[in-house]
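Worksheet: one structure, shown below.
The values are calculated or read from the model by the stated rules, or taken from the named source; none is laboratory data. Not measured: the values here are computed from a predicted model. We place every Cβ from the backbone using ideal geometry, glycine too, and count neighbours over all the protein chains shown.
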Amino acid sequence: MTTQHKSKSLSWKKKFRDKLIEIIGATGVISSDDELIAYECDALTGYRIKPIFVVLPKTTEEVSAVIKECHHENIPFVPRGAGTGLSGGALPTDEGIVISLSRMTKILDVDIPNQRVVVEPGVVNISVTNAVSSSGYYYAPDPSSQIVCTIGGNVAENSGGVHCLKYGVTTNHVLGLEMVLPDGEIIEVGGKTLDHPGYDLTGLVVGSEGLLGIVTKVTLKIIKKPEAVKTLLASFDHIEDAGDSVSGITARGVIPAGMEIMDSFCIRAVEEAVGAGYPIDAGAILLVELDGPTAEVQAQLPIVEEVLKENNAIQIKVAKDAKERELFWKGRKSAFPAMGRISPDYYVQDGVIPRSKLAEVLREIEELSKKYGLRVANVFHAGDGNLHPLVLYDSSKEGDLDKTLELAGEILQVCVDKGGSITGEHGVGHDKKRFLSLMFDENDLDTMNLLRCAFDTKGLCNPGKLFPTPRTCVEPGMKPFKEHPVQKAGLGEMY
Amino acid sequence: MLKKKIVNNLLRIVGEKNALTEEAKLKSFSVENVQPGIVLFPNEIEQVSEIMKLASKESISVIPWGSGTKSALGNLPESVDVVISTKNLDLIIEHGASDLVATTQCGITLKKFQSALNKERQFLAIDPPHVGRKATVGGIIATNDSGPERFRYGTLREFLIGLKVVRADGSIFKGGSKVVKNVAGYDLPKLYVGSLGTLGIIVEATFRLYPVPEYSETYIVGFSTLEDAHNTVSTLLKSDLVITSLEILNPELVGSLTKRNDLDLIDDLYTLAIGIKNVEKAVKDQISTLKMICNQNGGKGKLIIGAQEEQLWEDIRDFPWELFKAERVVCKASVVVTQIPQVLTTLKRLSDEYGIKTYISARAGNGILIISIKGKLSSIIDSLNSLRSFVSSIGGHLILQEAPPEIKARVQVWGDFGSGLGIMKKIKLNFDPNNLLNPGRYI
């Protein structure tokens, strides 16, 4: 962020490209305009910047050599996985390169007895579960994009999914990393064993949105598939009742694997798209998945049913087999793409609130929707209070997008006012950096910057993301304490 | 010695009532036998900030202190000027029972915090040692302490979702949030779990909580060989059982536990302690399955419940500190779970070779071994060094949790920090440029 990147000359670009080719070969460097277009944005397509080059390294050493070159030339670089991110975290930087990890796709070690899998960052999320499911294990974090998104991207964003209420998010399943620091040094942190001496760098890097370096190897924890699973689908006339059911269930001491709510817009769109068996005329549905030892699930099922009935559920269906369960979940996971059927465009918001405030926040969103004259569809990870309001708009209508962004921003303000967060799983990236100050004051942001500066003094690694305003790094010890004249004269103390 | 002027300024911040300066009283706040110049008991977070601003200006060292139960962890200190006790910062700020989260000031003891949470049938899912000796929430965060139930729930990094810290320069910041799911900004709470007070004084924390399980039983079962015990563990880990705690106790430890608890176990056997907490029927169903698995591997066991069960787990958590009142040597080895038998065998060999006695409780599902060693100083030093080189050779780590200064002078406390050490040092430098906080003890 500190470095000013003046437009580079053609001859410099040619020389730099030659160096990159020398490191990873001609097939690993993309430089033609028509191919670079594919890397102009991630899944947040509203912002586009063309990188000068894209490189596709195959090894850690290649990543390191490329970064050393960037460090030497003061060229910013942006890591990229599958480009499914929704906050613009992989948006290229002006006059910078993109380092795509899509060719680092090896599963390096499957260690079933120790419940560990070591992968390269380009491995697709679902492939981890596929590699271990025959032994009865799975990798728990399951973002909706899990059939395409990569582990490297999940690490950067600390991705969640529909089962994180009980099992946690990516950070709870990553035990170690190999990474290339912004000056090209390769380090290993954490690993297959627990309680390493030293600060928890693994925990810091997970969710750091690619600002602290590029992860080249990830050690994951896999877990045993549960003995029993029961999935309930409850429908309600009013979405507030679905919301109250959620806190009602946890208040009874039941922690389901996941709890998901969809409103009537989503139900209709999803039914049209995939036919998941949702009641089309319901005001809202709530999906509840219980898992664990058979006796535990059997004990919890009637408690959940009771809570649902107390909260005016019209109908409760329990999936009768694995096939029906998958269908219930397929509906949920296709909620975003299905929106295309009821609106030409949609903007996905990602905010978090305490789950006890679901009903009141939904009412406020409804009011905002009226105020702006834009429809808002609601689908969310209700169990952990993670809302995904979808603002429906038409980009061909003048001013619709601006109004949409304003409305989406107001929703975040509501979340923060209720003691929540501006992002639960999509990240701050480029899209939300101006909202970070809603949650954090200058001291908080300065502290985050101290951390970033420990990794990246030059500010070359995914610059321009996360922080609301550019922050520079000050070398410690550069500002010696100076006494105020009043203190010098012994007239007073200033602490 | 602290300059008179500095002492006076410190006293002005907290008030004379909230400070100790008399020689006799300072002794119990010594760090590795080094006595501080003053102990402060701030009542407000602002006071902690004022103290740190003064400390930065005067370049005096500061030791954050909860109840001092783990003050033996770390290298010998470089300097001990001021101890800041968080004892008076013990307010529970908020317990959002329906959101399963709670925020508290960090000087509160875990015991007091848990009993407040228990009123709503919830708890912080951590079972470290020293709870009876007033271990504080802040101290447990700073040392990343844990116990047998980490097998089911994990360690504090999984539950600490937000915190407030006073940095070395006195600035107060917060990280994380008060909701369970949040990815806004860096995950600063992770940095502070296990940071040993070197990056700031943790004054407030927000945790994710769990409902208190309805029912609990423990099966304790001895095996005639280590191999049988380990095979049982492997089968249990592959099974569908959801176990809360799973410990392998070595024969020496079994001997001393059975005497304390009237357990009537066979002293010279490797023994598993297996705890299950759940709804009653799920506990009973699973206990009967695990009994069968244990029997198939030749295990002879008994079921314990109620007060005796609680006492057993407390004794397992606290054994190094309960069995030996002084001159304790405690270390923690971490390896992958399949290598636990190798470590146990190595410890047996070292015991025979050096004439030491080792007491071990291994978190069988996590690969963590808590080891307490009795013997001649020189034998302990030699055996610790060989144990470390063995554990390192199989990709693990050995940390010295507690030992007399004579041993620390000859055995590294932390071992190899790995290739991340450079970054850790830069973080420490950026957060505490004058090296005021717990200097020398860690990073």
Residue check, A:Leu233 outside any helix (DSSP H, G or I), closer than 30 Å to B:Ser239 by Cα and aliphatic (A, V, I, L, M)
yes
When the residues of region A:234-257 are narrowed to those that are among the charged types (D, E, K, R) and more than 12 Å from chain B (Cβ to nearest Cβ), which ends up surrounded by the fewest Cβ atoms within 10 Å (Cβ to Cβ)?
A:Asp237
Would you check if there is a residue in region A:337-351 being away from every other protein chain (no Cβ under 14 Å), over 23 Å from A:Val428 (Cβ atoms), β-branched (Val, Ile, Thr) and touching a residue at least 60 places away in the same chain (Cβ under 8 Å)?
yes
Across region B:403-443, which residue is nearest to the other protein chains (Cβ to nearest Cβ) among those that are of a type in the set (Lys, Arg) and closer than 19 Å to A:Cys473 by Cβ?
B:Lys426
Here's a check for you: in region A:159-174, which residue that is among the hydrophobic types (A, V, I, L, M, F, W, C) and within 23 Å of A:Glu120 (Cβ to Cβ) is farthest from the other protein chains (Cβ to nearest Cβ)?
A:Val174
Just name the residue that is nearest to the other protein chains (Cβ to nearest Cβ) out of those in region A:189-216 that are within 30 Å of A:Thr93 (Cβ to Cβ) and either surrounded by fewer than 19 Cβ atoms within 10 Å (Cβ to Cβ) or among the polar types (S, T, N, Q) (or both).
A:Ser208
What tally of residues in region A:271-299 results from selecting those that are of a type outside the set (Phe, Trp, Tyr), in contact (Cβ under 8 Å) with a residue 40 or more places away in the chain and closer than 26 Å to A:Lys357 by Cα?
11
Against the condition at pLDDT 95 or above, under 20 Å from the mean Cα position of the chain (by Cα) and either within 11 Å of chain B (Cβ to nearest Cβ) or crowded, with 20+ Cβ neighbours inside 10 Å (or both), how does A:Phe440 come out, does it pass?
yes
In region A:102-148, the residues that are closer than 16 Å to A:Gly176 by Cα, touching a residue at least 24 places away in the same chain (Cβ under 8 Å), within 13 Å of chain B (Cβ to nearest Cβ) and surrounded by fewer than 17 Cβ atoms within 10 Å (Cβ to Cβ)
A:Asp111
Among (1) out of contact with any strand residue (DSSP E or B) (no Cβ under 9 Å at 6 or more places or on another chain); (2) within 19 Å of A:Val428 (Cβ to Cβ), where does B:Gly194 come up short?
(2)
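Yes or no, residue by residue, for (1) closer than 24 Å to B:Leu241 by Cβ; (2) more than 14 Å from chain A (Cβ to nearest Cβ):
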position	(1), (2)
B:Gly275	yes, yes
B:Gln286	yes, no
B:Ile293	yes, yes
B:Leu303	yes, yes
B:Lys325	no, yes
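Rundown of residues vs (1) within 30 Å of B:Glu50 (Cα to Cα); (2) within 11 Å of chain B (Cβ to nearest Cβ); (3) modelled with pLDDT of 95 or more, yes/no style:
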residue	(1), (2), (3)
A:Gly429	no, yes, yes
A:Leu436	yes, yes, yes
A:Leu445	yes, yes, yes
A:Leu451	yes, yes, yes
A:Glu483	yes, yes, no
A:Leu491	yes, no, no
A:Met494	yes, yes, no
Which residue out of B:Gly396, B:Gly418, B:Gly422 is free of Cβ contacts under 8 Å to residues at least 12 places away in the same chain and in contact with a strand residue (DSSP E or B) (Cβ under 7 Å, 6 or more places away or on another chain)?
B:Gly418
Among the listed residues A:Thr231, A:Thr219, which satisfies the condition of being away from chain B (no Cβ under 13 Å) and buried (at least 21 other Cβ atoms within 10 Å of the Cβ)?
A:Thr231
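Let's see how each residue does on (1) buried (at least 18 other Cβ atoms within 10 Å of the Cβ); (2) without any contact (Cβ under 8 Å) to a residue 40 or more places away in the chain; (3) assigned to a helix (DSSP H, G or I):
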residue: B:Leu350; (1), (2), (3): yes, yes, yes
residue: B:Glu353; (1), (2), (3): no, yes, yes
residue: B:Ser361; (1), (2), (3): yes, no, no
residue: B:Leu369; (1), (2), (3): yes, yes, no
residue: B:Phe390; (1), (2), (3): yes, no, yes
Only one residue in B:Gly222, B:Gly175, B:Gly197 is in contact with a Pro (Cβ under 6 Å, 6 or more places away or on another chain), crowded, with 22+ Cβ neighbours inside 10 Å and touching a residue at least 60 places away in the same chain (Cβ under 8 Å). Which one?
B:Gly197
Test A:Ile99 against the stated conditions and say whether it is modelled with pLDDT of 95 or more, in a strand (DSSP E or B) and more than 14 Å from chain B (Cβ to nearest Cβ).
yes
Filtering region A:190-230 down to residues that are in contact with a Ser or Thr (Cβ under 9 Å, 6 or more places away or on another chain), on the phi > 0 side of the Ramachandran plot and outside any strand (DSSP E or B) yields A:Gly191, A:Asp195, A:Gly207, A:Glu209
Test: residue in region A:6-27 that is touching a residue at least 40 places away in the same chain (Cβ under 8 Å), outside any helix (DSSP H, G or I) and not basic (Lys, Arg):
yes
Does B:Ser67 satisfy being out of contact with any Phe, Trp or Tyr (no Cβ under 8 Å at 6 or more places or on another chain) and either assigned by TED's automatic domain parsing to the domain that holds B:Ile201 or touching a residue at least 24 places away in the same chain (Cβ under 8 Å) (or both)?
yes
Determine whether region B:104-111 contains at least one residue that is assigned to a helix (DSSP H, G or I), closer than 30 Å to B:Ala333 by Cα and facing chain A (nearest Cβ under 10 Å).
no
Inter-residue pairs, beta-carbon under 7 Å, first over 11 Å from B:His130 (Cα atoms) and in region B:313-329, second of a type in the set (A, V, I, L, M), 6+ apart
B:Ile316/B:Ala273; B:Val329/B:Ile373; B:Val329/B:Ile380; B:Val329/B:Ala403; B:Val329/B:Ile407
Look through B:Gly185, B:Gly197, B:Gly222 and report the one residue that is more than 8 Å from chain A (Cβ to nearest Cβ), assigned to a loop (DSSP other than H, G, I, E, B) and small (Gly, Ala, Ser).
B:Gly197
The conditions are (1) surrounded by 22 or more Cβ atoms within 10 Å (Cβ to Cβ); (2) more than 14 Å from chain A (Cβ to nearest Cβ), and B:Val48 fails exactly one of them. Which is it?
(2)
If a residue has to be under 24 Å from B:Leu237 (Cα atoms) and within 14 Å of chain A (Cβ to nearest Cβ) to count, how many in region B:327-372 make the cut?
22
Please specify each residue of region A:330-355 satisfying the condition of being farther than 29 Å from A:Gly419 by Cα and surrounded by fewer than 21 Cβ atoms within 10 Å (Cβ to Cβ).
A:Lys330, A:Ser334, A:Pro337, A:Gly340, A:Arg341, A:Ile342, A:Ser343, A:Pro344, A:Asp345
